[in-house]
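Single-structure report; data block below.
The values are calculated or read from the model by the stated rules, or taken from the named source; none is laboratory data. It should be emphasised that the depicted structure is a prediction, and the values quoted were computed from it without experimental measurement. All Cβ positions, even for glycine, are placed from backbone atoms using ideal geometry, and neighbour counts span all protein chains on display.
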Amino acid sequence: MGENIGAAARAMLNCGLTGLRLVAPREGWPNERARAMATGASRELVDRASVFETTAGAVADLHRVYATTARRRDLLKPAIGPRELAAGMRDCASRGLRTGVLFGPERAGLDNDDVALASHIVHIPLNPAYSSLNLAQAVLLVCHAWFEAEAGRRAAAAGPKSTPPPATAAQLVNLFEHLEQELDDSGFLRVVEKRGIMVRNLRSILHRAELREHEVRALHGVVSSLAGRRKDGRPVRQPTAGAGTNREDGEPRSG
């Protein structure tokens, strides 16, 4: 159906694939229903589609062909899923090889003669009680697997983004000691029997954060500010009492 071809073209372009080949479209070609369903930029895929009389002719110049099928047939071919298909296509592309994926008519799928032209069978795992797919849905699932694999390849090729270096053990210890000193001065760690476990818990919390060097510096500033000290040793200006407190003692005003 022309509508299925147009919807398949949209699914392809969603994932950055543009090579559409058609075998004996049943409603003839060109097909306005295909263009209408494609809409927008995907109409260009429909307009540029190559049309062949036979499946053999459509895959003649390809180095590897994959056949999508809902059923495993009595053919001795490897059966793979969409992710394995994507990895195989990516590997072929890296070696300059051309690949193609065969999709059959929605009603009956590919026949055995079509499948015989492929080196691999692609099976999309779905609910075994209901695994029927619209043609464009099948195209989208397979194309998206390729899209994810290609995105992963590009990310790996770009290399890791530069990130600030992690804090060293010495920098962490210095932060711990700074924090603990201020907590001692404020009286937070006044209970001697509990001091050890409280200090260990605080250090564990900061360790789990996997702090970077700039984060350690920021926390030093936070601790100093909360303690009322600046880098130059001068006291931090205390905040002005709010509207709901008495300026003399900071206690809430009575109603």
**OP:** Could you tell me which of the residues G88, G16, G104, G100 is within 29 Å of L126 (Cα to Cα) and in a helix (DSSP H, G or I)?
**Re:** G88
Subject >> Contacts under 7 angstrom Cβ, first residue in the range 35-61 being in contact (Cβ under 8 Å) with a residue 12 or more places away in the chain and surrounded by 14 or more Cβ atoms within 10 Å (Cβ to Cβ), partner part of a strand (DSSP E or B) and among the charged types (D, E, K, R), 6 or more apart >> reply: A49/R21; F52/R21; A58/R21
Original post:
Can you tell me which of L22, L76 is of a type in the set (A, V, I, L, M, F, W, C), farther than 19 Å from N134 by Cβ and assigned by TED's automatic domain parsing to the domain that holds H120?
Top reply: L76
Original post:
Going by the structure shown, is L126 touching a residue at least 24 places away in the same chain (Cβ under 8 Å) and not polar (S, T, N, Q)?
Top reply: no
Original post:
What are the residues in the range 62-88 that are surrounded by fewer than 14 Cβ atoms within 10 Å (Cβ to Cβ), closer than 18 Å to L17 by Cβ and in contact with a Lys or Arg (Cβ under 6 Å, 6 or more places away or on another chain), if any?
Top reply: H63
Subject >> Given (1) in contact with a strand residue (DSSP E or B) (Cβ under 8 Å, 6 or more places away or on another chain); (2) within 24 Å of T54 (Cα to Cα); (3) surrounded by fewer than 18 Cβ atoms within 10 Å (Cβ to Cβ); (4) not aromatic (F, W, Y), number of the condition I124 does not satisfy >> reply: (2)
Original post:
Is one or more of the residues making up the range 10-27 at pLDDT below 95, crowded, with 19+ Cβ neighbours inside 10 Å and more than 35 Å from the chain's Cα centre (by Cα)?
Top reply: no
Subject >> the range 97-108 residues that are under 12 Å from T68 (Cα atoms) and free of Cβ contacts under 8 Å to residues at least 40 places away in the same chain, paired with ones that are part of a loop (DSSP other than H, G, I, E, B) and of a type outside the set (D, E, K, R) (beta carbon under 6 Å, 6 or more apart) >> reply: G104/L110
Original post:
In the range 89-113, which residues are surrounded by 15 or more Cβ atoms within 10 Å (Cβ to Cβ), of a type in the set (G, A, S) and within 20 Å of L17 (Cα to Cα)?
Top reply: G100, G104
Original post:
Looking only at the range 99-115, which residues are polar (S, T, N, Q) and under 34 Å from the mean Cα position of the chain (by Cα)?
Top reply: T99
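In the range 19-34, which residues are assigned to a strand (DSSP E or B) and free of Cβ contacts under 8 Å to residues at least 40 places away in the same chain? So that I can check it myself, show each step before the final result.
Filtering the range 19-34 down to residues assigned to a strand (DSSP E or B) leaves 21-23.
Matches in the range 19-34: L22, V23.
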**OP:** Select from the range 163-201 the residues that are within 41 Å of the chain's Cα centre (by Cα) and not in a helix (DSSP H, G or I) and list them in ascending order.
**Re:** T163, P164, P165, P166, A167, T168
